[in-house]
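The values are calculated or read from the model by the stated rules, or taken from the named source; none is laboratory data. Keep in mind that this is a model prediction, so the values were computed, not measured. With ideal geometry, Cβ positions are generated from the backbone for all residues, glycine too; neighbour counts draw on all protein chains shown. Remember, those area values only see protein heavy atoms, side chains included, never the ligands or the DNA or RNA. Shrake-Rupley method; radii C 1.70, N 1.55, O 1.52, S 1.80 Å.
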Amino acid sequence: MNKNVEKVEISGIRKFFNLVNEVDGAISLTLGQPDFNVPESIKAGIVKALEENKTEYTSNAGILPLRERISSYLESLGISFLADEICITIGGSEGLYSVLSALVEPGEKVLIPAIGYPAYENILKIIDSEPVTYNLNEDFTLNIEDIEGKIKKYGIRKIILSYPSNPTGAILSLEDRKKIAELIKKYDIIALTDEIYSSLCYDEYYSIAQVKELKDNIIYIGGFSKMFSMTGLRIGFIGAASKYMKEIMKVHQYNVSCAPSIIQWGIYYGFDLALEDLDRMKKSFVERRDLVYNRLKSMEIEVVKPKGAFYIFPSIKKYNISSKDFCEKLLFEKKLACVPGDAFGVAGDGFFRISYCYSKESLIEALDIIEQFISEI
Ligand SMILES: Cc1ncc(COP(=O)(O)O)c(C=O)c1O
């Protein structure tokens, strides 16, 4: 066996999701899977593509009309990547894997958030590189001093930024964008910005990719899994300057050839109308965010108000119990499944993640259970 792979464990989110099946009638708030159907315009687009027999391999980078549409969509957000600087991937996941495999050298240390999406750490381990975590502030924003200290200490050349964040729901502020841009420039490092949730920002959206003078330092990962509620249809994309894209394309090509043709066409045909669905989904997530946040606050649970994505990450530090014990008790004693915070890194111990992309009824029921549960521990 490849020793690097043996060192890696399957994601704690999945592990917990699988445990839920052992508990009859449990409510699960574990997955990042919006509860909306795929927008009708995209469904119709996929059927149309199938009927038109658009079922062959596409170019490795993906169909040009969709890359052009993604390019103009990003432009509307202040981010400039030409169609040729975009590669359509099999979800954000393949995007992350292809970029990290193409850019990071064996043994190289890469900065990742101390509380973050588990794939960063594990992909880096699989490709024989070394994740080094940077701390976040108490409100889950970037701890710029810690980042700079680690860049200097470890001679870091690459950093992963992840806003809006899974699991914390934090977003990048204008002020932090300025500060991190300065560091990227000063040390001439590459930032990989994972923006799979960028369409779900409930305050002003800022991205490091909007800083034009840093074009050669930024690689953008985006996708439609969350944006158009189509997690199982597996389409994401990478935006990168040609000098990087040239290398990324080699990994992408030998790994997957191309993303599924009819789904690419379906998104292209349905894009404009699906943006209206996105507005609706976003409004609904804001309502659910407020519902969950206000209830947790009323229970005097310490929690930071999320500003993006559809997760909330309450602290349980005051109960003196590990995240794992808290979530296991909650599941086995009260039939409610949430993800232990340490599934997102050691620094996540003392927190748990609620995915609030479930129905309001389930959320209300779950919050009643949490209220009861904390009164007993
Ligand atoms: C932060 C983050 N990045 C990337 C991904 C992967 O997205 P996809 O399902 O498009 O592969 C996820 C999925 O949950 C995520 O939370």
- Would you grab the residues whose amide H sits under 5 Å from the one on residue 200? Only those 5+ places off in sequence or on another chain, please, with H modelled 1.01 Å from N. 309
- Message: In Å and on Cα atoms, what radius of gyration and Dmax does the chain show?
- Response: 20.4, 60
- Message: Using a 7 Å offset from the Cα along the Cα-to-Cβ direction at both residue 82 and residue 297, what is the distance between the two label points in nm, to one decimal?
- Response: 4.8
- Express in whole angstrom the spacing between the alpha-carbon centres of the stretch 117-154 and the stretch 292-362. 23
- Leaving out ligands and nucleic acids, note down the accessible area per residue over the stretch 241-377 with a 1.4 angstrom probe, in whole Å². 44
- Query: Taking Rh as the Kirkwood radius computed over C-alpha pairs, what is the Stokes-Einstein D of the stretch 318-377 at 20 °C in a medium of viscosity 1.002 mPa s, expressed in µm² per second?
  - Reply: 181
- State the percentage of accessible surface on the chain attributable to carbon and sulfur atoms; use a 1.4 Å probe and exclude ligands, DNA and RNA. 50
- Provide, as a two-decimal number, the C-alpha radius of gyration of the stretch 1-149 over 2.2 N^0.38 Å, N being how many residues it has. 1.34
- According to the Kirkwood expression over distinct Cα-Cα pairs, how big is the hydrodynamic radius of the stretch 136-185, in Å? 11.5
- Task: Please give, to one decimal in nm, the separation of the simple spin-label points placed at residue 187 and residue 17, each 7 Å out from Cα toward the Cβ.
- Result: 3.3
- Query: Based on Cβ point charges of +1 for Lys and Arg and -1 for Asp and Glu, what charge dipole magnitude is obtained for the chain about its Cα centre, in debye rounded to the nearest 20?
  - Reply: 520
- Item | Kirkwood-based Rg to Rh ratio, the stretch 250-334, C-alpha trace | 1.19
- For the chain, share of DSSP beta bridges that run antiparallel, in % to the nearest 5: 50
- Task: Set the Förster radius R0 to 41 Å, insert the Cβ-Cβ distance between residue 371 and residue 243 as r into 1/(1 + (r/R0)^6), and round the FRET efficiency to 0.05.
- Result: 0.15
- Note on the structure: Links exceeding 30 Å between C-alpha atoms in this model, out of 178/250; 153/307; 125/324; 317/360, come to 178/250; 153/307
- Task: Would you please give the FRET efficiency between residue 145 and residue 361, computed as 1/(1 + (r/R0)^6) with r the Cβ-Cβ distance and R0 = 51 Å, to the nearest 0.05?
- Result: 0.70
